[in-house]
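Beneath this line is the structure, given in structure tokens, with notes to follow.
The values are calculated or read from the model by the stated rules, or taken from the named source; none is laboratory data. Just so it is clear, the structure is predicted and the values come from calculations on it, not from any experiment. Reconstructed Cβ throughout: ideal geometry from the backbone, glycine too, with neighbour counts over all protein chains shown. Ligands, DNA and RNA are stripped out before the accessible areas are found, and what is left, the full protein with its side chains, is counted by its heavy atoms. Shrake-Rupley method; radii C 1.70, N 1.55, O 1.52, S 1.80 Å.
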Amino acid sequence: MAEGCGLYIHIPFCKTPCGYCDFYKVKGERIDDEFVNLLLREASLYREDEKIKVVTLYFGGGTPSLLSPFQLEKIFSGLNEIFDFSDDLESTLEANPETLSSEKLDDFKRIGINRLSIGIQSLDDEVLKTLQRDVQRKEILEKLQIIFNSEFKNISFDLIIGSPNSSIKSVLKDLSLLTNFPFVHASLYILDIHRGTRLFEEIKNGLKPTDDDEIAEIYENCSTFLEEKNFIHYEISNFARRGFECKHNLKYWKEEEYIGIGPSSHSFFRNYRTKNPSSLKKWKNELEKGNFPFEEVSKESDKKREENKIIFGLRLKEGIDSDFLRRYLEESERDFDSLLSKLTEGALVNVEDKRVSLTLKGYLLSNEIITFLLSRDFLSEREFDD
Ligand code: SF4
């Protein structure tokens, strides 16, 4: 276990919810001071005589950049008083470009934020309209100029691939433009169409989704493009210049401890996994009674920990230790060599220097491969031959 844990703060407010999004969020442009006080109340439940060491802090959402500098400062300094912030704390704030100004950025930097994750999703107006994002290409590009004129150096962007009305050409054009800015990190998410979203309804009513083969081609082309631009494809959806991998998210993938604060957040702390309710009201009610607002609590068993090591470890370029995987499979009376040769023959995994990792083709089938490794029965149900 690494020294120090991660701290995640969920800010569940969005000015105009996007049509594809199924995160927990509430429509609202202004954040009440009461919410800020409740966040600090929840954080104070973790106050200990010997303060908990925090090495990464991540404001996610929702839209954390809707916080006023005054509110952010209050949260940041309140947390800094409850926890022991490491001297080299990585502190990220997710931001939608349209919410930023040069004054706000200066304030965020002064307060202690040192990494920005910018939700761009697309630079194509037709795609932005399809995704029902409340912003246009022109405004995003204007805001990028402001962002890169600020003091921030560690800046990431999010892009969605596989949206209806997008194409390999439009996505590569976006990437080409974005990599002309000095971004050091990129997250590329394949669009999931979630039941209950407005986009799901539009597809039901005839909007044509991008087909899986085209999505695979876009993903592979984007990976190649970014690697040629010296971004390392270090996780299924993430790329970084060397040394700029997101330390906070690595905690999730490496099974390290993190505490989540705010509605709908998750924690993995002292061997317990917990989840807060996706409801401001329920969250608030529990906090007002002085309780931890968990709606789910489970102790991580050794078996679950091993499974998670496979599930999360295979998301990473570095993969997992092959001796560990051999032991795991042999304990359930399955043959490591024959299972792995099946996957290597299909060019889905690499086995090198005692590490097992997924290839680019394997990333696209990661869910199936993980099920294949974790389930005894799956071998007979699914073949990985082309
Ligand atoms: S994608 Fe981001 S900005 Fe859009 S609704 Fe979801 S959380 Fe809010």
Can you name the number of the only condition in (1) within 16 Å of the ligand (Cβ to nearest atom); (2) not in a helix (DSSP H, G or I) that LEU89 fails? (1)
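So which residues in segment 53-70 are modelled with pLDDT of 95 or more and open to solvent by 10 Å² or more (accessible area, probe 1.4 Å)?
At the first step, the residues of segment 53-70 found to be modelled with pLDDT of 95 or more are 53-60, 63-70.
Result: LYS53, VAL55, TYR58, LEU66, SER68, PRO69, PHE70.
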Where in segment 315-377 are there helices (runs of 4 or more DSSP H), lying wholly inside it, with at least 1 residues that are under 21 Å from the mean Cα position of the chain (by Cα), closer than 21 Å to ASP213 by Cα and of a type in the set (A, V, I, L, M)? 360-364, 366-374
Taking the options PHE239, PHE231, PHE268, PHE292, name whichever one is at pLDDT 95 or above, touching a Ser or Thr at 6+ places or on another chain (Cβ under 9 Å) and open to solvent by 50 Å² or more (accessible area, probe 1.4 Å). PHE292
Would you tally the residues in segment 23-51 being open to solvent by 10 Å² or more (accessible area, probe 1.4 Å) and more than 16 Å from the ligand (Cβ to nearest atom)? 15
Can you tell me which residue within segment 92-112, out of those that are buried (at least 23 other Cβ atoms within 10 Å of the Cβ) and within 16 Å of the ligand (Cβ to nearest atom), is farthest from the chain's Cα centre (by Cα)? ASN96
Test each condition in (1) touching a residue at least 12 places away in the same chain (Cβ under 8 Å); (2) surrounded by fewer than 20 Cβ atoms within 10 Å (Cβ to Cβ); (3) out of contact with any Phe, Trp or Tyr (no Cβ under 6 Å at 6 or more places or on another chain) for ASN180 and report the one that comes out false. (1)
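Among PHE183, PHE200, which is part of a helix (DSSP H, G or I), at negative phi and out of contact with any Pro (no Cβ under 7 Å at 6 or more places or on another chain)? It would help to see each step written out before you state the result.
On the way: PHE183 fails: part of a helix (DSSP H, G or I).
Residue meeting the stated conditions: PHE200.
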What's the number of the condition ALA95 fails, among (1) farther than 19 Å from LYS284 by Cα; (2) modelled with pLDDT under 95? (2)
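Rundown of residues vs (1) of a type outside the set (D, E, K, R); (2) in contact (Cβ under 8 Å) with a residue 60 or more places away in the chain, yes/no style:
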residue: GLU42; (1), (2): no, yes
residue: GLY61; (1), (2): yes, no
residue: LEU66; (1), (2): yes, no
residue: LYS74; (1), (2): no, no
residue: PRO97; (1), (2): yes, no
residue: GLU103; (1), (2): no, no
residue: GLY112; (1), (2): yes, no
Single match in GLU286, GLU255, GLU307 (criterion: among the acidic types (Asp, Glu), assigned to a helix (DSSP H, G or I) and in contact (Cβ under 8 Å) with a residue 40 or more places away in the chain): GLU307
Among the residues of segment 314-353 satisfying the criterion of being under 18 Å from TYR234 (Cα atoms) and charged (D, E, K, R), which is most open to solvent (accessible area, probe 1.4 Å)? ASP353
If THR224 satisfies all but one of (1) touching a Phe, Trp or Tyr at 6+ places or on another chain (Cβ under 8 Å); (2) of a type outside the set (A, V, I, L, M, F, W, C); (3) in the same structural domain as SER156 (by TED's automatic domain parsing), what's the number of the condition it fails? (1)
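Here is a yes/no grid of residues against (1) assigned to a loop (DSSP other than H, G, I, E, B); (2) within 14 Å of the ligand (Cβ to nearest atom):
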position: LEU116; (1), (2): no, no
position: ILE120; (1), (2): no, yes
position: LEU123; (1), (2): yes, no
position: VAL127; (1), (2): no, yes
position: ARG133; (1), (2): yes, yes
position: ILE140; (1), (2): no, yes
Could you tell me whether ILE147 is open to solvent by less than 40 Å² (accessible area, probe 1.4 Å), more than 16 Å from the ligand (Cβ to nearest atom) and in a helix (DSSP H, G or I)? yes
